[in-house]
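For reference, the structure discussed in these notes is given below.
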Amino acid sequence: MTLATTEPITMVSPKTVVLAKHHGFCHGVKKAVDKTIDAGELQRQAEGRPVYVLGQLIHNPQMIAKLAEDGINTVENLDDVPDGAMVVIRTHGSTPELVDAAKARGIAVQDATCPDVRLVQNKAIELAEDGYTVVIAGKDNHPEVIGIRAHAARIPNAHIVAINKIADIPEALKDVPKRRIGVVSQTTQLEDNFFDMVRALSMVAKELKVFNTICPATFFRQNSAQDLARDVDVMVVIGGKNSSNTTHLAETSEDVGTPAIHVETYAELEGNAIIASAKNIGVTAGASTPQFLVDEVVNYLKAL
Ligand code: SF4
């Protein structure tokens, strides 16, 4: 939404500011951030090691900058981590081979894999051990799927494929046994797509075992943003402009006809005419948005 306006700004005051029931960090991201901050604390102590995060810990530039201020740097590759340092594995998880390679170089591993992602890895291993061809309903090149596949691939004679849409099923299954198929889902898979794929697979396999491992955190945030949007004049959605789950929250609010303003910090709201003229303002934040940014926005709006 464009913030600029040439109209004179009419301030309505006082305002009612309501926060969505489900907003901000999900439990997996919170744990990962806490673990990373703890690692940074260790680093500051004399015996600490330099700390690196492998890939962006969360899609939030302010949080990444805050971590960098504390000497916690983001790198894209294990080769960029010096021997003897500490590396944080983010919520998506990693491959067991990467953890082995780190340990072989004396790199300490702080594993911040989300417990929900760990569950998918374990279910995929279980299916491979029981002799099922494992189908991961997800994007083949997504880091989470790469990790799930790599964990299950450690089981001898395992067959594992990742499929993200029905049309890809025939090609993906052409070289693997199809009689017994076990399914898990990438945690961010869309429910409708997952159920459509399960239905299609049930027509291929003689025996189909399904674990619905979709994480409800995103769904909860979208639902409560939409519920709130119905009752307010405008929604303020806080989170990284590079965060797709935050962008979806803004779209969800607009879907019910309420304008949504997506900001990273409260400063972007200064002088905004829509905010000035609104009586009831709803606020929500993506699963990767830290609480301090939410508090700053709410305090700013309440002070208008
Ligand atoms: S969205 Fe779900 S799976 Fe992803 S980090 Fe959060 S709790 Fe874990």
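In the stretch 179-190, the residues that are among the small types (Gly, Ala, Ser) reach residues that are more than 11 Å from the ligand (Cβ to nearest atom) with C-beta atoms within less than 6 angstrom, at least six apart or across chains, in these pairs: Gly182/Leu127; Gly182/Tyr132; Gly182/Val134; Gly182/Lys209; Ser185/Ala137; Ser185/Phe194.
For the structure I just gave you, tell me whether Gly257 is of a type in the set (Gly, Ala, Ser), touching a helix residue (DSSP H, G or I) at 6+ places or on another chain (Cβ under 6 Å) and not assigned by TED's automatic domain parsing to the domain that holds Lys66. No, not satisfied. Per the listing Ser243, Ser224, the residue uniquely open to solvent by less than 10 Å² (accessible area, probe 1.4 Å) and within 16 Å of the ligand (Cβ to nearest atom) is Ser243. Checked against (1) touching a residue at least 12 places away in the same chain (Cβ under 8 Å); (2) within 29 Å of Thr218 (Cβ to Cβ), Gln43 passes all but a single condition, namely (2). In this structure, is Phe211 more than 24 Å from Gly24 (Cα to Cα) and touching a residue at least 60 places away in the same chain (Cβ under 8 Å)? It is true that Phe211 is more than 24 Å from Gly24 (Cα to Cα) and touching a residue at least 60 places away in the same chain (Cβ under 8 Å). Screening the stretch 20-48 for residues that are outside any helix (DSSP H, G or I) and surrounded by fewer than 17 Cβ atoms within 10 Å (Cβ to Cβ) and picking the one that is nearest to the chain's Cα centre (by Cα) gives Lys21. Scan the stretch 166-185 and give yes if some residue there is within 16 Å of the ligand (Cβ to nearest atom), of a type in the set (Ser, Thr, Tyr), under 25 Å from Asp111 (Cα atoms) and part of a loop (DSSP other than H, G, I, E, B), otherwise no. No, every residue in the stretch 166-185 fails to be within 16 Å of the ligand (Cβ to nearest atom), of a type in the set (Ser, Thr, Tyr), under 25 Å from Asp111 (Cα atoms) and part of a loop (DSSP other than H, G, I, E, B). Residues in the stretch 76-129 that are outside the structural domain of Glu41 (by TED's automatic domain parsing), away from the ligand (no atom under 14 Å from the Cβ) and among the β-branched types (Val, Ile, Thr): Ile125 alone.
Just to be sure before I move on: is Ala276 open to solvent by 10 Å² or more (accessible area, probe 1.4 Å) and either within 16 Å of the ligand (Cβ to nearest atom) or within 19 Å of Leu19 (Cα to Cα) (or both) in the structure I sent? Against the criterion (open to solvent by 10 Å² or more (accessible area, probe 1.4 Å) and either within 16 Å of the ligand (Cβ to nearest atom) or within 19 Å of Leu19 (Cα to Cα) (or both)), Ala276 does not qualify. Scanning the stretch 130-161 for residues that are among the basic types (Lys, Arg) and within 16 Å of the ligand (Cβ to nearest atom) yields a single hit, Lys139.
When both residues are 6+ apart or on different chains and their Cβ atoms are under 8 Å apart, which pairs have a first residue that lies in the stretch 89-106 and is over 17 Å from Val33 (Cα atoms), and a second that is within 16 Å of the ligand (Cβ to nearest atom) and of a type outside the set (A, V, I, L, M)? From residues that are over 17 Å from Val33 (Cα atoms), the pairs are Thr95/Gly147; Thr95/His151; Pro96/His151; Val99/Asp111. Can you tell me which residue is nearest to Thr265 (Cα to Cα) among those in the stretch 279-304 that are of a type outside the set (A, V, I, L, M, F, W, C) and crowded, with 24+ Cβ neighbours inside 10 Å? Only one residue fits best here, namely Thr289. Considering the stretch 204-221, and only residues there that are open to solvent by 50 Å² or more (accessible area, probe 1.4 Å) and over 15 Å from the mean Cα position of the chain (by Cα), the residue that is nearest to the ligand (Cβ to nearest atom) turns out to be Asn212.
The values are calculated or read from the model by the stated rules, or taken from the named source; none is laboratory data. The model shown is predicted, which means the values in this text are computed figures rather than measured ones. So basically every Cβ, Gly included, is an ideal-geometry build from the backbone, and we count neighbours across all protein chains shown. Heavy atoms of the whole protein, side chains included, go into the accessibility calculation; ligands, DNA and RNA do not. Shrake-Rupley method; radii C 1.70, N 1.55, O 1.52, S 1.80 Å.
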